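Here the structure comes first, spelled out in structure tokens, and everything after it is commentary.
The values are calculated or read from the model by the stated rules, or taken from the named source; none is laboratory data. Since this is a predicted model, take the numbers as computed values, not measurements. When we count neighbours, we look across all protein chains shown, and the Cβ atoms used for this are built from the backbone with ideal geometry, even at glycine.
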Amino acid sequence: VDTDSSVFDYGSYASSTTYISGGGVKVAAERIRKQVLDIAADMLDCAPEDMSINDGIIYTPRGRSNLTVADIANETLYGKHRQQIMAKGDFWTEDSPAPFFAQFIEVEVDTETGQVRVTKAVNALDLGKAINPTLATGQVEGAVAMALGYALSEEVKFDDQGRVRNPGFVDYKVMSTLDMPQMTTILVEDTEYSGPFGAKSAGEVPTNGMAPAVANAIQDALGIRIRSLPITPEKILQALNNLKIK
């Protein structure tokens with residue numbers, strides 16, 4: 001970004017892409033819609049505020065017209081209403097509605113090796129209105145995959161000189177598809193009136209549940225409490241050994 005020519009912006013990163021950028025897209029789309037209806041109104045001799053668009057068809061107070069949005073686009077290229085239909089949109093709000101996430105998991109622990117495997121995960125996300133349920137579900141499950149590595153394997157190690165000892169994926173274990181549990185994802189929908197079409201954020205909060213859920217499940221299974229991450233086999237075996245000593 002060229003900061004000499006670009007205005008300052010807080011950004012739409014983190015959990016605000018759909019909520020903030022989506023709000024800007026909605027504003028721009030509404031302005032595009034107005035331009036389309038203004039042209040259609042002139043062509044149909046009707047007031048634009050009395051018209052609507054549904055499934056690409058222009059409607060007037062008399063009902064369905066013979067014009068489509070494609071016809072309007074063609075008109076702006078070859079008809080008397082030659083112009084570029086384009087718009088910009090921006091969105092800013094002091095609201096920051098929080099999403100909520102609940103996770104339930106099942107684990108298997110090998111008490112001889114200390115290996116932990118998450119076999120099942122049920123993920124429930126309150127995200128307002130799901131703009132694209134398939135993408136939202138994928139985002140949740142991708143976040144769970146990241147969180148699984150955070151909980152069980154991912155750890156940057158340094159030597160005495162501050163150099164990273166495990167700079168590659170051989171020594172820094174990232175979970176693969178083979179490590180994923182059987183997953184069920186539930187999108188709990190409600191309307192967030194400050195967001196575009198009722199949506200709010202969904203990206204980050206699904207990463208929060210896995211680590212504490214794994215620790216709780218291990219405690220439920222073995223009666224030991226691991227209080228540092230990642231929960232490695234070495235920590236499991238040490239905790240089991242301490243339990244035997246007691």
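Here THR191 clears all of (1) touching a residue at least 60 places away in the same chain (Cβ under 8 Å); (2) of a type in the set (Val, Ile, Thr); (3) closer than 18 Å to MET146 by Cα; (4) in a loop (DSSP other than H, G, I, E, B) except the condition numbered (3).
Note on region 109-136: residues that are in a helix (DSSP H, G or I) and in contact with a Ser or Thr (Cβ under 9 Å, 6 or more places away or on another chain) amount to 1.
What are the residues in region 195-215 that are surrounded by fewer than 16 Cβ atoms within 10 Å (Cβ to Cβ) and either out of contact with any strand residue (DSSP E or B) (no Cβ under 8 Å at 6 or more places or on another chain) or of a type in the set (D, E, K, R) (or both), if any? Correct list: PHE197, GLU204, PRO212.
Table: residues versus (1) surrounded by fewer than 15 Cβ atoms within 10 Å (Cβ to Cβ); (2) at pLDDT 95 or above.
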site	(1), (2)
SER12	no, no
SER15	no, no
GLN35	no, yes
ASP45	yes, no
LEU77	yes, no
GLN83	yes, no
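For ILE231, the test of being in contact (Cβ under 8 Å) with a residue 12 or more places away in the chain, of a type in the set (A, V, I, L, M, F, W, C), assigned to a loop (DSSP other than H, G, I, E, B) and in contact with a helix residue (DSSP H, G or I) (Cβ under 8 Å, 6 or more places away or on another chain) is passed.
Do the conditions hold for TYR172, that is, is it farther than 30 Å from GLU94 by Cα, surrounded by 11 or more Cβ atoms within 10 Å (Cβ to Cβ) and either of a type outside the set (Phe, Trp, Tyr) or touching a residue at least 40 places away in the same chain (Cβ under 8 Å) (or both)? Judged against the criteria, TYR172 is not a match.
For region 199-222, give me each residue that is under 13 Å from ALA136 (Cβ atoms) and either of a type in the set (A, V, I, L, M, F, W, C) or in contact with a Lys or Arg (Cβ under 7 Å, 6 or more places away or on another chain) (or both). Those that are under 13 Å from ALA136 (Cβ atoms) and either of a type in the set (A, V, I, L, M, F, W, C) or in contact with a Lys or Arg (Cβ under 7 Å, 6 or more places away or on another chain) (or both): ALA199, ALA202, VAL205.
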